[in-house]
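Below you'll find the structure, written out as structure tokens, and then a few comments.
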């Protein structure tokens with residue numbers, strides 16, 4: 001159905017081709033998952049299928065791409081519109097009209113289908129995607145998951161034989177992601193649609209794939225094969241596969257169910273030497289604070305974490321003294337009852353919608369807290385309230401004794417820093433160096449602070465020269481730059497909104513190490529995230545929000561284990577034992 | 001939000017009907033300066049907007065238009081106070097210090113006497129403009145301009161989409177500015193003031209441009225701009241008809257406006273219009289587009305459009321018949337009276353509130 005024959009793409013001004021020698025074929029009716037680290041050219045391959053590369057992006061495409069027998073060399077994207085449906089990373093930039101029903105019809109109108117056919121297909125698609133209740137809603141008022149479903153629906157109505165999706169679930173909460181994937185599976189099974197999708201969150205999609213195409217490194221040849229075989233060689237893999245590799249299972253399990261059936265032995269092994277392991281510091285089971293602590297929220301944590309971060313690499317240790325210079329209080333001090341932040345009965349009403357209702361929350365130094373909940377539950381609103389961008393309509397917020405929305409920004413950044421969902425918003429300068437200088441000036445820090453922080457956070461600064469434009473950085477590098485900018489003012493409270501969106505596993509691992517060390521250093525960290533694996537690895541405490549209310553607040557292990565949609569894969573596999581991450585299992589087995 | 005238990009598309013009135021209704025009201029507003037009539041007109045249109053508008057993002061623009069109208073009225077008054085007014089008046093309210101200007105600026109006066117007459121005149125004049133703006137705002141709130149697009153002839157559709165996409169540029173830009181000013185606050189820089197606004201300017205434009213490119217890519221991939229093969233003869237005829245038609249319209253208009261062209265002006269204009277329309281229709285053959293559930297021009301649409309036209313026509317007639325009531329003088333100062341028949345005519349504008357389908361609440 002889709003055929004790449006020795007394709008290489010070179011963008012204008014680039015010395016090297018972005019992808020080289022790509023040669024594969026996707027048979028009709030298969031769901032093929034394209035995986036690989038960031039920046040290996042996944043989006044380029046997806047774009048080449050719809051003809052947007054090179055017709056729209058420019059550059060040179062060598063070789064030949066055919067879709068349903070049509071050569072993209074001679075067919076423009078609009079002439080492929082009836083066979084290929086494309087949904088990009090950001091559904092909002094995909095919408096042409098403003099209501100759901102019109103959006104579903106738009107593609108068919110362009111293709112000139114008869115009105116009665118259009119009407120029938122719109123109704124079918126509304127049912128298929130569960131959008132019937134939303135048909136008259138303006139798209140701008142929909143949640144992220146709903147928008148993603150509308151975007152998929154809008155390319156489905158012309159009945160394309162090929163569907164190309166770029167990270168369809170990365171912005172979605174676990175439940176919404178499952179909804180979208182269930183729809184894709186239905187299309188593949190019932191309609192025989194061929195689907196090619198790229199996704200960083202493999203744990204969500206790998207089980208649906210018929211074949212996996214791996215791009216191991218920039219310029220490396222693409223390999224295509226059955227998922228289990230490919231996962232054995234892939235540089236990126238979901239926790240379930242990692243556990244399989246650790247336990248030496250072959251073939252590798254791809255689903256929680258597969259792994260559970262094989263995990264009996266592992267469970268036993270983990271349970272048996274309990275006596276010997278109990279002698280070891282419980283801190284091994286990072287990052288769960290000791291359950292025995294009477295109140296994990298109030299001060300027990302810093303010491304617990306001192307144990308946790310002991311195995312942190314020497315590399316990350318190196319920059320800690322730098323941060324520690326002005327950070328008060330030092331970690332080793334006895335736990336201070338002083339709270340980093342206190343939120344009392346906060347309510348926020350915006351545009352006639354009650355975004356937050358009566359939220360009570362305390363954050364202690366050195367604590368990492370994950371805010372979870374479905375799209376639109378109020379996570380970002382809460383973060384924005386903490387950082388003073390939104391004035392609460394009721395209740396009080398206090399960050400280090402100050403009310404955020406009444407504190408002038410230059411003072412506030414010394415108390416709380418937020419890395420927004422789109423880190424690019426924070427970066428205004430033309431070069432990384434200028435950005436660092438500006439950050440030093442804003443924070444009244446000694447010149448060079450930000451730059452030093454950055455080179456410590458990103459030790460492998462190959463390619464990260466000072467005069468590169470922030471926009472040309474990879475997602476992970478940009479996030480780290482934004483983090484360095486925020487950390488320049490050394491705020492004791494650090495907030496991150498969806499930090500792992502668009503990050504590959506390697507960048508995510510780096511981020512986890514980084515944040516763990518910051519927490520060990522006494523920073524309180526609040527993450528709003530849909531990424532259950534991230535929360536499992538990092539958070540001491542999870543707060544679940546629903547409709548602007550706190551519905552659960554407790555240690556990570558307790559909250560996520562009890563929730564089927566928020567439990568990480570390892571927890572599901574090894575239940576009823578409470579393990580959260582592969583790293584914990586590895587440490588226990590060692 | 002529409003009611004989820006009411007899955008049917010609300011029977012919408014043809015957007016053209018709303019635009020004709022609003023334009024009718026706007027025309028009526030230009031026929032009078034009577035503040036009572038104008039207020040009645042604004043109230044009538046506001047009532048219709050309040051009862052008939054749908055819950056779309058565009059419908060929230062009405063309050064923006066109201067604010068704009070108020071601003072126009074205030075600016076008109078400020079100008080009348082600061083720059084004086086040609087209206088002679090005897091009731092001096094206050095005398096501002098007058099700024100002496102050099103002789104080459106003789107026609108301009110800064111400061112000086114402010115009379116009640118000049119203020120009142122400026123108020124009447126400003127209110128007329130404000131009423132016009134409110135009418136345009138009503139059309140915007142009642143009928144999304146992009147819905148009007150669906151009724152354009154096929155040949156113009158693509159241009160229309162481009163215009164609508166360009167129009168959504170401004171709201172997106174405002175959202176971007178707000179987001180980036182928030183980001184400035186996160187960097188510890190003051191988020192207000194002109195400097196703050198200027199510094200986010202470049203990133204905002206970059207963001208808007210990137211979004212436009214992404215949208216263009218999405219539209220292309222979804223088949224925007226697909227064309228059908230048409231025989232060269234048809235293509236050539238289309239070009240000839242359109243060009244010839246436009247030339248005819250130009251020449252016809254010239255003929256109508258000059259003194260000696262009275263004989264050939266009107267026929268030439270009509271022929272030109274006919275040729276241009278035929279060209280458009282033929283040009284539509286190149287476009288493959290079909291329309292999904294187009295709005296129908298039904299009896300209600302006729303009545304709504306008709307009520308607007310009736311208000312315009314009746315006030316025009318009234319302005320000729322009774323100029324004293326519709327254009328109340330300010331010298332000497334008199335209290336305006338509400339002329340009964342024109343007021344009744346304005347109330348005709350309320351007809352759509354009874355006719356138009358209402359959003360399920």
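The values are calculated or read from the model by the stated rules, or taken from the named source; none is laboratory data. Not measured: the values here are computed from a predicted model. Cβ coordinates were reconstructed from backbone atoms using ideal geometry, including for glycine residues, and neighbour counts include every protein chain displayed.
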(Q) Please go through segment A:528-541 and give me each residue that is out of contact with any strand residue (DSSP E or B) (no Cβ under 6 Å at 6 or more places or on another chain) and in a helix (DSSP H, G or I), ordered by number. (A) A:532, A:533, A:534, A:536, A:537
**Q.** Answer residue from segment B:95-134, given it is free of Cβ contacts under 8 Å to residues at least 12 places away in the same chain and not in a helix (DSSP H, G or I) and is nearest to residue B:61 (Cα to Cα) among those
**A.** B:107
Q) Which of the residues that make up segment A:347-364 are farther than 13 Å from residue A:384 by Cα and at pLDDT 90 or above? A) A:357, A:358, A:359, A:360, A:361, A:362, A:363, A:364
Q | Sole exception among (1) surrounded by fewer than 21 Cβ atoms within 10 Å (Cβ to Cβ); (2) facing chain B (nearest Cβ under 7 Å); (3) within 25 Å of residue B:288 (Cβ to Cβ) for residue A:110, by number | A | (1)
Q: Considering only residues that are surrounded by fewer than 20 Cβ atoms within 10 Å (Cβ to Cβ) and facing chain B (nearest Cβ under 9 Å), look in segment A:118-134 and name the one that is modelled with the highest pLDDT.
A: A:119
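So that you can scan it fast, the table gives a plain yes or no per residue for (1) over 17 Å from residue A:239 (Cβ atoms); (2) part of a helix (DSSP H, G or I); (3) in contact with a strand residue (DSSP E or B) (Cβ under 9 Å, 6 or more places away or on another chain):
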residue: A:501; (1), (2), (3): yes, no, no
residue: A:507; (1), (2), (3): no, yes, no
residue: A:519; (1), (2), (3): yes, yes, yes
residue: A:526; (1), (2), (3): yes, no, yes
residue: A:543; (1), (2), (3): yes, no, yes
residue: A:552; (1), (2), (3): yes, no, yes
residue: A:558; (1), (2), (3): yes, yes, yes
residue: A:571; (1), (2), (3): no, yes, no
residue: A:577; (1), (2), (3): no, no, no
**Q.** Scope segment A:421-437; condition assigned to a helix (DSSP H, G or I), closer than 21 Å to residue A:496 by Cβ and free of Cβ contacts under 8 Å to residues at least 12 places away in the same chain; matching residues
**A.** A:425
Q | Filter pass, residue A:82 being in contact with a helix residue (DSSP H, G or I) (Cβ under 8 Å, 6 or more places away or on another chain), surrounded by fewer than 23 Cβ atoms within 10 Å (Cβ to Cβ) and over 23 Å from residue A:201 (Cα atoms) | A | yes
**Q.** Extreme residue, surrounded by the most Cβ atoms within 10 Å (Cβ to Cβ), among residues of segment B:220-250 that are within 7 Å of chain A (Cβ to nearest Cβ) and part of a loop (DSSP other than H, G, I, E, B)
**A.** B:222
(Q) If I filter segment B:299-321 for residues that are part of a loop (DSSP other than H, G, I, E, B), farther than 30 Å from residue B:243 by Cβ and under 23 Å from the mean Cα position of the chain (by Cα), do I get at least one hit? (A) no
Q: Please state which of the following conditions residue A:92 fails to meet, knowing it meets all the rest: (1) more than 7 Å from every other protein chain (Cβ to nearest Cβ); (2) part of a loop (DSSP other than H, G, I, E, B); (3) modelled with pLDDT under 90.
A: (2)
Q | Subset of segment A:393-420 that is assigned to a loop (DSSP other than H, G, I, E, B) and buried (at least 16 other Cβ atoms within 10 Å of the Cβ) - its residue that is farthest from the other protein chains (Cβ to nearest Cβ) | A | A:400
Q | Selection from segment A:86-131 of residues that are within 31 Å of the chain's Cα centre (by Cα) and at positive phi | A | A:130
**Q.** Of all residues making up segment B:200-214, the number that are under 11 Å from residue A:93 (Cβ atoms) and at the interface with chain A (Cβ under 8 Å from one of its Cβ atoms)
**A.** 2
Q. Any chance segment B:123-137 includes a residue that's within 14 Å of another protein chain (Cβ to nearest Cβ) and crowded, with 20+ Cβ neighbours inside 10 Å?
A. no
Q.
Can you say whether residue A:142 is surrounded by 24 or more Cβ atoms within 10 Å (Cβ to Cβ) and within 13 Å of chain B (Cβ to nearest Cβ), as far as the supplied structure shows?
A. no
Q) Just checking, which of B:217, B:276 is in contact with a helix residue (DSSP H, G or I) (Cβ under 8 Å, 6 or more places away or on another chain), in a helix (DSSP H, G or I), within 14 Å of chain A (Cβ to nearest Cβ) and modelled with pLDDT of 85 or more? A) B:217
Q) In segment B:150-183, how many are more than 22 Å from residue B:242 (Cβ to Cβ), touching a helix residue (DSSP H, G or I) at 6+ places or on another chain (Cβ under 6 Å) and more than 13 Å from every other protein chain (Cβ to nearest Cβ)? A) 1
Q: Look through segment B:152-185, keep the residues that are at pLDDT 75 or above and outside any helix (DSSP H, G or I), and return whichever of them is surrounded by the most Cβ atoms within 10 Å (Cβ to Cβ).
A: B:152
Q. Can you spot a residue in segment B:186-200 that is within 23 Å of residue A:436 (Cα to Cα), outside any loop (DSSP other than H, G, I, E, B) and in contact with a strand residue (DSSP E or B) (Cβ under 9 Å, 6 or more places away or on another chain)?
A. yes
